[in-house]
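The structure appears right after this line, and notes come after that.
The values are calculated or read from the model by the stated rules, or taken from the named source; none is laboratory data. Being a predicted model, the structure only gives us computed values, none of them experimental. Reconstructed Cβ throughout: ideal geometry from the backbone, glycine too, with neighbour counts over all protein chains shown.
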Amino acid sequence: MKAQVRTVAVPAEKSDFDDGKALTEIMVKSFAEAAREAVAENDRLGIATHGGAGGVVVERKPAAIKQTSGG
């Protein structure tokens, strides 16, 4: 004879992920921070950054890097 096992669901603790508005706010802040960091890194490396403004693709070029004679 098989033993019958009964499981009881335990409610999870409340978190920010349960609230759609709060989750969206966290995501938007995270994406904005990641974008700022990526642009800063591209600038350090001398790489152009592409994005959009008003439905148009734009290219942001970093300031020219000054080379010293020492290399």
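Restricting the stretch 36-46 to residues that are touching a strand residue (DSSP E or B) at 6+ places or on another chain (Cβ under 9 Å) and either outside any helix (DSSP H, G or I) or in contact (Cβ under 8 Å) with a residue 12 or more places away in the chain (or both), which is nearest to residue 15 (Cα to Cα)? Before the answer, list the steps.
Looking only at the stretch 36-46, we keep the residues that are touching a strand residue (DSSP E or B) at 6+ places or on another chain (Cβ under 9 Å), and these are 38-39, 42-43.
Those still in the list that are either outside any helix (DSSP H, G or I) or in contact (Cβ under 8 Å) with a residue 12 or more places away in the chain (or both) too: 39, 42-43.
Values: 39: 32, 42: 35, 43: 37 Å.
Checked the stretch 36-46; the qualifying residue nearest to residue 15 (Cα to Cα) is 39.
Consider residue 69 against the criteria (1) at pLDDT below 95; (2) surrounded by 10 or more Cβ atoms within 10 Å (Cβ to Cβ): it satisfies all of them except one. Which criterion is unmet?
Result: residue 69 passes all but (2).
Taking the stretch 15-30 as the region of interest, how many residues are at pLDDT 75 or above and either touching a Pro at 6+ places or on another chain (Cβ under 8 Å) or exposed (fewer than 10 other Cβ atoms within 10 Å of the Cβ) (or both)?
First, pick out the residues of the stretch 15-30 that are at pLDDT 75 or above: 18-30.
In the following step, the residues that additionally are either touching a Pro at 6+ places or on another chain (Cβ under 8 Å) or exposed (fewer than 10 other Cβ atoms within 10 Å of the Cβ) (or both) were identified as 20-21.
Total meeting the criteria: 2.
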